[in-house]
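The structure appears right after this line, and notes come after that.
The values are calculated or read from the model by the stated rules, or taken from the named source; none is laboratory data. Since the structure is predicted, the reported quantities are computational estimates derived from the model, not experimental observations. In this analysis, Cβ positions are derived from the backbone assuming ideal geometry, glycine residues included, and neighbour counts consider all displayed protein chains. In case anyone asks, the SASA skips ligands and DNA or RNA and just uses the protein heavy atoms, side chains included. Shrake-Rupley method; radii C 1.70, N 1.55, O 1.52, S 1.80 Å.
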Amino acid sequence: MSAGPDSTDRNEAADAPPGGPIPNPLEIDVLTLFPAMLSGPLAESIPGRVQSRGLATIRVHDLREWGLGRHKTVDDYTYGGGAGMVLRPEPVAAALAILRRPDSTVILPDPGGEVFRQPRAHDLALRRHLIILCPRYEGVDERIRSMIDLELSIGDYVLSGGEIPALVFIDTILRLLPGAIDAESTAEESFIAGLLEYPQYTRPPEFNGLGVPAVLTSGHHEAVRKWRLRESLRRTLGRRPELLVGRAFTKEEGKLMAELRVEARAEPVGGESQAD
Ligand code: ADE
């Protein structure tokens with residue numbers, strides 16, 4: 001089954017890429033016992049548009065197609081005893097025997113895997129073919145790991161299956177494909193790469209007694225750029241200082257950081273509030 005814009009009534013012609021067909025679109029195969037958990041979200045918004053533009057092809061497969069026997073069994077009790085069922089290796093091996101190619105990267109969402117971060121998303125966006133195996137039940141038979149290229153975690157908490165992590169990976173990767181989002185947003189992201197987003201405002205100019213920083217309505221583009229960089233640095237320093245460790249600061253960033261540190265120290269109580 002294919003999760004994509006086929007299931008929507010979007011206007012494909014309007015979404016067609018201006019330069020004709022994309023030479024090497026990213027292909028993603030997802031193996032799951034709950035295909036409906038993926039097909040809806042993948043048909044919407046940026047993932048849906050990316051697919052109708054031909055930048056990526058996503059196929060969602062029901063792992064039970066490769067299940068064993070008349071009941072299409074995919075799981076079994078755990079050796080040694082204990083609660084819960086474990087995914088058997090044979091259905092996974094059979095699915096991969098069909099889907100895997102020399103250029104495939106097979107990914108297992110797993111809370112014990114590498115934490116999924118933006119640099120890994122950039123890396124995966126450059127690959128040709130991803131296969132994401134979504135486990136359910138209490139886990140996977142350990143021998144399945146030998147068929148996997150990359151185990152990825154989305155954070156230190158335990159979900160009931162791999163479908164939501166798979167959506168997280170796919171959404172993050174698709175928006176990085178050239179042409180997925182407008183060039184201005186991409187440039188904006190690389191401007192503050194590795195930092196938290198600066199504060200944004202829209203109308204009204206005053207809400208519940210809260211205004212908008214004057215620089216943003218000044219029409220002074222360079223002042224706005226500098227303010228945004230400074231606020232991104234300030235927010236990162238205050239909320240996620242570990243993101244700044246080892247950062248190769250530009251000269252401008254280094255100067256702003258020095259100012260921010262002075263400013264934080266000048267705070268009468270703590271300094272945390274000023275640092276956001
Ligand atoms: N499966 C269950 N919890 C998970 C997590 N935090 N990340 C990736 N896969 C998971």
Can you run down the residue pairs with Cβ atoms below 8 Å, 6 or more apart or on separate chains, where the first is in region 187-203 and at positive phi and the partner is open to solvent by 60 Å² or more (accessible area, probe 1.4 Å)? Gly194/Gln118; Gly194/Leu243
Which condition does Tyr198 not pass, out of (1) away from the ligand (no atom under 16 Å from the Cβ); (2) farther than 17 Å from Arg120 by Cα; (3) outside any helix (DSSP H, G or I); (4) open to solvent by 30 Å² or more (accessible area, probe 1.4 Å), if it passes all the others? (4)
Give the residue that is farthest from Ala193 (Cα to Cα), with candidates limited to residues of region 116-136 that are surrounded by fewer than 17 Cβ atoms within 10 Å (Cβ to Cβ) and within 15 Å of the ligand (Cβ to nearest atom). Arg120
For Arg203, are the conditions met, namely being within 14 Å of the chain's Cα centre (by Cα), away from the ligand (no atom under 16 Å from the Cβ) and open to solvent by 40 Å² or more (accessible area, probe 1.4 Å)? no
Scanning region 32-50 for residues that are hydroxyl-bearing (Ser, Thr, Tyr) and assigned to a helix (DSSP H, G or I), which turns out most open to solvent (accessible area, probe 1.4 Å)? Ser45
Set Val86, Val115: member being under 21 Å from Ile28 (Cα atoms), in contact with an Asp or Glu (Cβ under 9 Å, 6 or more places away or on another chain) and of a type in the set (A, V, I, L, M, F, W, C): Val115
Quick one: which of Gly113, Gly139, Gly161 is touching a Lys or Arg at 6+ places or on another chain (Cβ under 6 Å) and within 16 Å of the ligand (Cβ to nearest atom)? Gly161
Can you tell me how many residues within region 92-103 are of a type in the set (A, V, I, L, M) and either without any contact (Cβ under 8 Å) to a residue 24 or more places away in the chain or open to solvent by 30 Å² or more (accessible area, probe 1.4 Å) (or both)? 4
Which residue is surrounded by the fewest Cβ atoms within 10 Å (Cβ to Cβ), if the candidates are limited to region 68-91 and must be closer than 16 Å to Pro135 by Cβ and among the charged types (D, E, K, R)? Asp76
With respect to the numbered conditions (1) in contact (Cβ under 8 Å) with a residue 60 or more places away in the chain; (2) out of contact with any helix residue (DSSP H, G or I) (no Cβ under 9 Å at 6 or more places or on another chain), which one is the sole condition not fulfilled by Pro178? (2)
